[in-house]
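Please treat every number below as a calculation from the coordinates, not as lab data. In this text the structure is predicted, and so the values were computed from the model without any measurement. Positions of Cβ are generated from backbone atoms using ideal geometry, with glycine treated the same way; all protein chains shown enter the neighbour counts.
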Amino acid sequence: MSSQALEYLEQLPLQTHKKLYEQPSTVLAIFRCMLPHLAKSIVMAMLYMPMPLSSSDLDAWFRPSASKLQKDSLYILEKLHILELKQRDTSRQIEYSLAPGFSKSLRQALEGSGTHRSFGVPAPQTGERKVTIQELDDYAQGQWESLLFYMVGGTVGFQGSVGGDIGQGTKTLLEGGGFVAKNHGKIGITRTGFMFVLQDTNAQVWSLLIEYLKYVDNLGLGMSETDVLSFLFMLGSLELGQDYSTATLSPTQTIMLDDLTAFGIVYMSHKNAKTFYPTRLATTLTSDSGALSTTNSNDVAAPGTGATQKGFIIVETNYRLYAYTSSLLQIAVLSLFTKLTTRFPNLVSGKLTRASIARAVQTGISSSQIISYLDAHAHPQMQKSIPFIPPTVTDQIRLWELEGERVETTNGYMIKEFSSEKEYREIVKYADDLGVLVWKDDSEKKLFVDRIDQLQEVLKRQANKRR
Amino acid sequence: MNAIDGTDRHTKVDEGPPPSLLTIVLDTNPHAWAHLSSSLPLSTALANILVFVNAHLASGNANCVAVIAAHSHKACFLYPAPNPVSPQKDHGTANGDVEMGGTSGRPLHSIPDNPNKYRPFSTVETAIVNSFTKLMEETKQSHLASTPTTMIGGALSLALSFIAKTTLLHAPVTSRADDMMALADSETTKAQRVPLTSRILIVSVSGDLANQYIPVMNSIFAAQRKRIPIDILKLAGDTVLLQQASDATGGIYMKPEKPEGLLQYLMMAFLPDATARAHLVMPSAGGVDFRAACFCHRKVVDIGYVCSVCLSIFCTAQLPDNLCLTCNSYLSLRSAQMNPPALIPKKKKKKKRAGQGTDSATPGANTPVGSGTPMHT
C-alpha cells in the first residue's frame, strides 16, 4: 500500500510501537496493510505457536531460493518490533517470538475477543436522518478536490474554487509539509507538491496524514503520536455509511476530528455533533481498493464519465495533447506543463511546447513526473500501444528538461597569472590530486577550483620560494 | 545524454500479490464428529476455522472466502449464504434478521455492531454460524441413518463451480470497465486482468469415501485442469481418495496426530496462499496410495479389470450380460475368467538372438542394427 506510511512506522521507537500495539484495530491494520506477504505468513504461523521458533526451523520452512525475501520480511518485522529475537543460553541459537503485545492484540482482533472497543462504537439509533453514502462521497470528494485545487490552482492562476473551504489549518499544513510555497503572497506548487498531486488518492491521503502527524508532533499541543496513529488505523477499519459515537474518543482524537473533517476524511453534520461518519477516504486507508476518484467532480454527467478515471489524455507524436475532461482540477494540473489553447464542454486541447515544459521544470516539476502523469492518465486508446506515450514525446520532454540544465554553476576560485609554467603545472597537479580542480586552460595558464583552503598553503610556499 | 533514452519508458509494476479465494469444504458428518468429540468437538473446530477464515481475510485486502458444508445427506453453502441473510442489518430491522437466521438464542454472534470486532470479520462469522445452525436444525434422524459417509463429491463440485464463477466475475477490473473500456480491444483488458488464485481446503473427518469415487475423481481432474490445489486436513479416518486429490493437484495433505492443535495446523500449513507457497517448503503426503476404487462395488482394489472402451475399473469379471456398467460395451472376459490375472514370465530370448547373430554379415558386432532392417535382400 503506501510505502510512506511503512517508512514512517519503521522509524518509530520501541516504546511507541508497544503503545500502538495495545489496540487490536491498529495491529490488524498494520498486519493487513504494512507487512509484506511472506511476513504475514510468518506472523500467522507463529501467532498460535506455544513455543518460540528457532531460526533453524524458520530457515527450514523457507525454500533456499527465497532467502532474500525471508531476510526482507524478517527485517521489517524486527524493525516494527513485531518479532523479538532471543538467544537461547545453552546452544547459541537464535529464537524468534512475536512481541507479546502484538500477538495478544492480533489474537483479539481475529477472535473478536476482549473489551477494547477499538473498532469504533456505533452511535445509538436516533431519530435523525442518516447521511447516505452518496452524500459522504460527495463531501469527501469536494473537500479533497478543493485541497488539491488549492495547491494547483494558485500556481496556474485559476480563480475560484471547486469545493468547500479547506480551512486555515490545512493550508498551514500544506505549506509546512512543503507541498506549496508562498512566493510574493502567491501560492505555488513545489516539486514535493507535484509528486503529491501525481499519486493516487490513497497514497495522497497517507502522505498528508503523515505530514499531519509530524505537524502535530511539532505543535506540542500535548497530542500524543500513538493516539493520533491508532485513531487513523481505527478509521480505516470502520464501516462506510455508519455513524460512530464520539463519546469514547480521547481528547486528542476529538481535536483531530476537526482537522480530519477539513480534509474530508470524516464527516460531521455540525461542529459539536455527537457522531461522526467516516468517508470513503477513511475506510480505504487500510485497503488498497481504489479510493474515490478525484476526477469527475464538477462533471454534470458524473456517473457517465467513469472512463475518465482510467485515462483521458491523448498525446500525439506532434506534441498535441487532448484531454477529455471538464474537471477544473485536471485542467489546472495539465496547464502546469501544457500550453492549453482551446476548451470545449468535455475536452481541452493544447500543445506540449518547449516553453511550457521549461516553465514546469522551473517550478520544480521534473520531466519524469510529467511523463508518469501522462502515462497514468493515458486514454484507453493510447493504452493500446506500449509504451502509452509516444517515445518521441517522452524523449523530447526529457531533452527540454536537460536544456535547462546545460549551464552548471559551481562556486569557487579562479587562479591565474602564474609566473612560470612550472608553478602552474605544480598547482594543477596538486589540485587534481585533491580533487578540487574543476576547469583549466593550459595556454592561458588559468585554473578553476571549487575549494582553495589546501591550495593556499602551496601557493604561499611558492610565493616564499620566489622571494 | 544517455539519461534521455528511456529504455524504461514503460514502468508499470504490478505490485502486491494477487487476491486469493479460499474455499473450505467442511465435513460436517455428525457420526464422525461424534467420534472425535472427546478430543475436538465440532463447535471448537468451527471456532478455530472461523479464526482461520479471519486470518485469511486479513492476509490480503481483496481476499475472499467460501465455506461449503459436506453433510451426511447433502452439500450446501455456509458462506456466502444462498439466500442472503443480510448480515449488514440496520438497527431497525434487527428482529427480522434474527428470524431469518433462526438464531434467536445466540446474542453474541448475531450482533454485527460489536465494537470489539472488525466489521468484515463479524459479517462473515455471523453468516457462517447462522447457516451452520440452520443446517444442523434441518438434519433429521432419517438423514443420519441413511448413510455414514459424507457428500464430498457434491461439495467439491459446488466449490469448483463457485471458484469458476468468482474467477469470471473477478476477471478484469470490471468495476470500472464501462463503455469506454469496452472500446479498448481485448488485448488491453487482458493486460488489466488481475488473476485470482484459488484453492480448496477439505477438512475431512469421515473415512470411507469409495462410494463417491467417480464424482470425486472427476472433480479432482477438473481442479487439476484449472490449477486449483486441493489441500486436505484429515482429522480422522483415512481415505485413499483425498490423498490422491492433494497429490494430483499439488495441494497439501496433512493428518495431524493430535486434532486438538487444529488452529496451529491451519495457520502454519494451510494459510499461505499460492504466492507464499512458492517460497515456502510445504508439508507433503509422503507416500501416496494410488489405488483406485472399482465402479461396481466401490471397493478399493489392487488389481482389477478394466473396460477396454471406457477404462472403467471393475473388481470382478461377473458383470451382468457381460456389458460394461458405464458404457454398455460388450466385454468378452472369457480368457481372463479362466486364467486369473498374473504376470507373464519373460520369454528367454537369448537363444533366439544368438541364432540371428550367426545370420548377420559381421558376426562380431552384436549390435541392434540387424534387429529390424533386412540385411541381405
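Peptide A:60-67 is shielded by partner chain Cβ atoms: per residue, an average of 3 of them sit within 10 Å of its Cβ. Listed cross-link partners A:Lys171/A:Lys339; B:Lys140/B:Lys234; A:Lys422/A:Lys465; A:Lys422/A:Lys460 are compared with a 20 Å cut-off, the Cα-Cα value being larger for A:Lys171/A:Lys339; B:Lys140/B:Lys234. Inter-chain Cβ neighbour count for A:34-40, averaged per residue, equals 4 (cutoff 10 Å, partner chain atoms only).
Averaged over peptide A:41-52, the number of partner chain Cβ atoms lying within 10 Å of each residue's Cβ comes to 5. Taking packing as the residue-averaged number of other Cβ atoms within 10 angstrom, the listed peptides B:200-206, A:57-63 run from highest to lowest as B:200-206, A:57-63. Scanning residues 5 or more positions from B:Ser329 or on other chains, those with amide H under 5 Å from its amide H are B:Cys324, with H placed 1.01 Å from N in the peptide plane. Calculation over all alpha carbon pairs of segment A:3-111 in 5 angstrom steps from 0 returns a P(r) of 2, 12, 23, 25, 19, 13, 5, 1, 0 percent.
Distance between the C-alpha centres of segment A:5-30 and segment A:388-455: 49 Å, rounded to the whole angstrom.
Kirkwood radius, chain A, all distinct C-alpha pairs, inverse of mean reciprocal distance: 26.4 Å. By definition, a body whose alpha carbon gyration tensor gives a ≥ b ≥ c is oblate when a/c is 1.5 or more and a/b is not larger than b/c, and segment A:308-404 fits this oblate description.
Scattering from segment A:413-466 was approximated by placing one identical point on each alpha carbon and applying the Debye formula without solvent; log10 I(q)/I(0) at 0.26 1/Å stands at -1.09. Angle check, please: helix A:225-236 long axis (alpha carbons) against the longest principal axis of chain A (alpha carbons), in degrees 0 to 90, nearest 10. Between the helix axis and the principal axis of chain A, the angle is about 60 degrees.
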